[in-house]
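J.: Sharing a structure with you now.
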Amino acid sequence: MSILRSRPVLRWLVPAAAGVAVIGGGAAIGTFAAEAEPSLPPRTAAQLLVDLQTSRLEGLSGTVVQRADLGLPPLVGLIPGNDLTTLLTGTHTLRVWYSGPERQRVALMDTLGEQDVIRNGRDVWTWESRGNTARHRTLGDAGTTGKPGPAATPSLPATPQEAADLALGAIDPSTEVSVGRSATVAGRDAYELVLQPRDRDSLVHQLRIAIDATQHVPLRFEVLAKGSDQPAFEMAFTQVDYRRPDADQFAFNPPPGVAVTEETAERPSAGRPAPAAPGGDPQVRAVGDGWATVLVARLDGTPGKAAGGKPAGAAPDADVSKLLGGLPAVSGDWGSGRLLTGKLFSVLLTDDGRVLAGAVTPERLYQVARG
């Protein structure tokens, strides 16, 4: 159970439904260069967790830079509609504004345009400059105090706050929690909270969360893979301001000629947050718990060729066929299939139509596939 389930500060961000765009040549290497350690009064891990739970954020604006080096093969670029896969390599940036639980804005930019997600009270706008298109949704009463509904597509966390919320929700007896070295992030002194899985099947070595020493807001989030002392995934504020942004930052006036699509808001179940993966899909189940959890799904819900061929009842895009055919073939007493591996996760696509994925070693996937 997440220790921050009742804490709104780490949930302020509008879901990153707009995706993330690559910054062409933008954020310079060295964005997260180390600075001299500040001298801070000692605090225990338990005290830092309490700080996160009890802080109150009135307002915030800033710039977040995210960088990933997950060790993926080049063929992941063959996946069509790769808004998610663009996040898995390179450097990305966005601007964020926060003014209470009902006013948030995220601006994601690349060399060709900008994408914005804006929540202003019950109104939620998503705008893309390249196509000059916008989507508008009016939240119902059940949606006015929480997120404006689950993202329509998978998304990685968009800020250190969002990433920290997910990470802290993973704290259980399989996690060692400690205090790391102090740091300076975006000109702010920060403590470092370190989460380290005890499970040998996990590919994660450590999660490091830099927490503002006075505002108690996560400023930097890093994930280190086993066998490496450099982050495989990191995001951090490069500039942050805790003053409440002006109201006009959350007002959206559609540009001339914009094509606006009106959407119907989905009402979440009363008193229940949007479910995490596997999202309640009856075709997706979780095996195990803690850091060794493996998600198991069946393509199209029916048996069929998944590796290098086509799932039953579907003809995959040619690029997907190239992707699957380019993955290493593996086999064992569990069956046969194809394996995709990175520094932080493994994915097994079996020839009988199953997909198994987790932040675990391939051996763990084979164990689950064996049943």
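The values are calculated or read from the model by the stated rules, or taken from the named source; none is laboratory data. Remember, it's a predicted structure, so these values are computed and weren't measured experimentally. Don't worry about glycine lacking a Cβ; one is built from the backbone with ideal geometry, like all the others, and counts go over all protein chains shown. Just so you know, the surface numbers come from the protein's heavy atoms only, side chains and all, with ligands and any DNA or RNA stripped out. Shrake-Rupley method; radii C 1.70, N 1.55, O 1.52, S 1.80 Å.
J.: Out of all the residues in segment 137-144, is one or more among the hydroxyl-bearing types (S, T, Y), closer than 25 Å to R56 by Cα and modelled with pLDDT under 90?
T.: Within segment 137-144, one or more residues are among the hydroxyl-bearing types (S, T, Y), closer than 25 Å to R56 by Cα and modelled with pLDDT under 90.
J.: With respect to the numbered conditions (1) open to solvent by 10 Å² or more (accessible area, probe 1.4 Å); (2) within 16 Å of S55 (Cβ to Cβ), which one is the sole condition not fulfilled by Q161?
T.: Only one criterion in (1) open to solvent by 10 Å² or more (accessible area, probe 1.4 Å); (2) within 16 Å of S55 (Cβ to Cβ) is unmet by Q161, namely (1).
J.: I'm checking my understanding of the structure. Among residues of segment 235-273 that are open to solvent by 100 Å² or more (accessible area, probe 1.4 Å) and in a strand (DSSP E or B), which one is modelled with the lowest pLDDT?
T.: In this case the residue turns out to be T264.
J.: Another one. Given the conditions (1) open to solvent by 50 Å² or more (accessible area, probe 1.4 Å); (2) at pLDDT 65 or above, which single one is not true for A276?
T.: Of (1) open to solvent by 50 Å² or more (accessible area, probe 1.4 Å); (2) at pLDDT 65 or above, only one is false for A276: (2).
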